[in-house]
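For reference, the structure is listed below as structure tokens.
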Amino acid sequence: MGQELPREHFDPADYSRFARRLEQCIDRLRELLDQADFDGTPASIGAELEFSLMQQSGRPAAINLDLIEALADPRFTPELDCFNLEYNSDPLPLAGRPFSALARQLEAAMAAVRQASGPLDAQPVMVGILPTLRPGDLGPAAMTPSARYRVLDQVVRNHRGQAFLLNIDGRDPLRLEAECVTFEGANTSFQVHLKLPPERFVRVFNAAQMALGPVLAVAGNSPVFLQHCLWEETRIVVFKQTVDDRDPASAAAHASPRVGLGRGWWQGKPADCLARHLHAHEVLLPLCGQEDTATPLSAGARPSLSELRTHAGTIWHWNRPVYDPSGHLRIEFRALPSGPTIADMLANAALMLGLTLALAEHGPDCARFPFGKVEHNLYRGAQNGLAARLIWPQADGSLRPEPVAGWLERWLEPSAQALSDAGVERDEVDRHLEVIAQRLRSGQTGARWQRAFLDRAERETNRDEALHRMIRTYVRHSDSGEPVHQWPLPA
């Protein structure tokens, strides 16, 4: 969402021109992907780490622009709300020791943020949703002053025609109307990217859809939103409901939401799949580039396709296809939460990538796995965490629910082997997936630790004070670097 805009007002002619250029971009992408020499480079990964900024008191610190100025590093960019920031890693080859290399980048970045935020009486917090947030922290004043965010907020609200309705079940159900998209800014994530050649893209993308529910079940780290105990990974439902641009008629007709998994399995060539993905949603930002999109491509050309990328950047699917103007396709895995520690996030990333690659080779045929069941698994994994029972095709052709913990245990070794086959050093793989194995054995995810801490603290005090105690303790453990399955609870 971070692209800045040169202007904020668009008329029907802008939308018409953008639509024409978007179709030309899609045609150019088809031509580009048919070239035999497109992206012959090895697979690589990258990451975006979003995190919250918190006052020493435990309240959100609306200082992201001040902090960016102090950091003076273009890899840090502002997020939707003033108390969030994003760090963009450098790309890394998948072969070798990519997670260790990424760990060094993330550790250096967070050390720089801690040093720069101290004089501002603040500190970074890697957590899916800052648990001390209150509704008043998420109003219009929370928005980072950016033309892009103002336009997106206005256009999404105009499409919807009414307030955003938050209706989330949980231990403390939440019912709330939100006037603007800043409620989405409560979410922070750890987004991993995987670059792939076109001939593998569709198969691996479908496998990523299958992998998401199980991975979220073991990665949950967002159990509290606006002081309500809700899902294990509440970000999933908060994001969907707080940027839903569908009016009541569109929602009733089951129009595709902007946040989700899409409308079904990908079939055919990557460019055709991307075209269907783009055509499923109305254009929000009709910002046209300067590139010639009408003439045929010259040999070796790597066009920017700016209209395609602008429109794709306003479709927030949990697994998002990305065309990069450097000349490659990648999958952006958007659903993993921020935190609890760098070790936990890298373990989650290793599992997501390894499981995706394993399912691409050894998973069920899409024809045997109704796409609606994959969506079911996404939401049950996010809602119930390690207590979830997810639906999976059986050897006899039936579909039956299985406890997710046992399912993940069976797929850890295939996931490890898939990463090893992709060139990742085996000891690197084993070290990071062992964190997942220990999490499964202990049953302690970030979400479960937060819930257990609150249950104990609330025996002595009220919810507000318990949340402040919890986040202060959480930050100490997070800064220690010890993965969450090793975190103790208060006596």
Exercise. Quick check: anything in segment 454-474 β-branched (V, I, T) and in contact (Cβ under 8 Å) with a residue 24 or more places away in the chain?
Worked result: yes
Exercise. Out of the residues in segment 443-453 that are assigned to a helix (DSSP H, G or I) and in contact (Cβ under 8 Å) with a residue 60 or more places away in the chain, which is most open to solvent (accessible area, probe 1.4 Å)?
Worked result: R448
Exercise. Would segment 418-430 turn up any residue that is in contact with a Cys (Cβ under 7 Å, 6 or more places away or on another chain) and modelled with pLDDT of 95 or more?
Worked result: no
For this session: Tell me, yes or no, whether segment 222-231 has at least one residue that is small (G, A, S) and over 23 Å from T182 (Cβ atoms).
Result: no
Problem set entry | Check on V243, open to solvent by less than 20 Å² (accessible area, probe 1.4 Å), more than 30 Å from G363 (Cα to Cα), touching a residue at least 60 places away in the same chain (Cβ under 8 Å) and of a type in the set (A, V, I, L, M) | yes
Exercise. Out of the residues in segment 325-370 that are touching a residue at least 60 places away in the same chain (Cβ under 8 Å) and charged (D, E, K, R), which is most open to solvent (accessible area, probe 1.4 Å)?
Worked result: R330
Exercise. Does segment 105-112 contain at least one residue that is more than 30 Å from L196 (Cβ to Cβ), surrounded by 15 or more Cβ atoms within 10 Å (Cβ to Cβ) and not basic (K, R)?
Worked result: yes
Problem set entry | Test: residue in segment 159-181 that is under 30 Å from H328 (Cα atoms), buried (at least 24 other Cβ atoms within 10 Å of the Cβ), within 20 Å of the chain's Cα centre (by Cα) and touching a residue at least 40 places away in the same chain (Cβ under 8 Å) | no
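Conditions tested, residue by residue: (1) under 30 Å from A418 (Cα atoms); (2) surrounded by 18 or more Cβ atoms within 10 Å (Cβ to Cβ); (3) touching a residue at least 40 places away in the same chain (Cβ under 8 Å).
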{"position": "L5", "(1), (2), (3)": "no, no, yes"}
{"position": "A13", "(1), (2), (3)": "no, no, no"}
{"position": "E23", "(1), (2), (3)": "no, no, no"}
{"position": "A47", "(1), (2), (3)": "yes, yes, yes"}
{"position": "R59", "(1), (2), (3)": "no, no, yes"}
{"position": "D81", "(1), (2), (3)": "no, yes, yes"}
{"position": "N84", "(1), (2), (3)": "no, yes, yes"}
{"position": "S89", "(1), (2), (3)": "yes, yes, yes"}
For this session: Identify, by number, the condition in (1) under 21 Å from the mean Cα position of the chain (by Cα); (2) more than 30 Å from D153 (Cβ to Cβ) that L297 doesn't meet.
Result: (1)
Exercise. If you go through segment 232-245 one residue at a time, do you hit one that is at pLDDT below 95 and part of a strand (DSSP E or B)?
Worked result: no
Seminar exercise, completed: Of the listed residues (G423, G381), the one being closer than 22 Å to D365 by Cα and open to solvent by less than 40 Å² (accessible area, probe 1.4 Å) is G381
For this session: Check H432 against each of (1) in a helix (DSSP H, G or I); (2) open to solvent by less than 70 Å² (accessible area, probe 1.4 Å); (3) closer than 22 Å to H317 by Cβ and name the one condition it does not meet.
Result: (3)
For this session: Specify which of the listed residues (T144, T132) is open to solvent by less than 10 Å² (accessible area, probe 1.4 Å), within 20 Å of the chain's Cα centre (by Cα) and within 15 Å of F51 (Cβ to Cβ).
Result: T144
For this session: Give the residues of segment 26-52 that are touching a Ser or Thr at 6+ places or on another chain (Cβ under 7 Å), modelled with pLDDT of 95 or more and of a type outside the set (G, A, S), sorted by residue number.
Result: L49, E50, F51
Problem set entry | Single residue of segment 108-131 satisfying the filter (polar (S, T, N, Q) and touching a residue at least 12 places away in the same chain (Cβ under 8 Å)) that is nearest to L346 (Cα to Cα) | Q123
For this session: Scan segment 274-314 for residues that are open to solvent by less than 30 Å² (accessible area, probe 1.4 Å) and either of a type in the set (D, E, K, R) or on the phi > 0 side of the Ramachandran plot (or both) and report the count.
Result: 2
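The values are calculated or read from the model by the stated rules, or taken from the named source; none is laboratory data. The structure displayed is predicted, hence computed values, not measured ones. Every residue, glycine among them, receives a Cβ derived from its backbone with ideal geometry; neighbour counts consider all protein chains shown. Side chains are part of the model used for accessible areas, which takes the heavy atoms of the whole protein and leaves out ligands, DNA and RNA. Shrake-Rupley method; radii C 1.70, N 1.55, O 1.52, S 1.80 Å.
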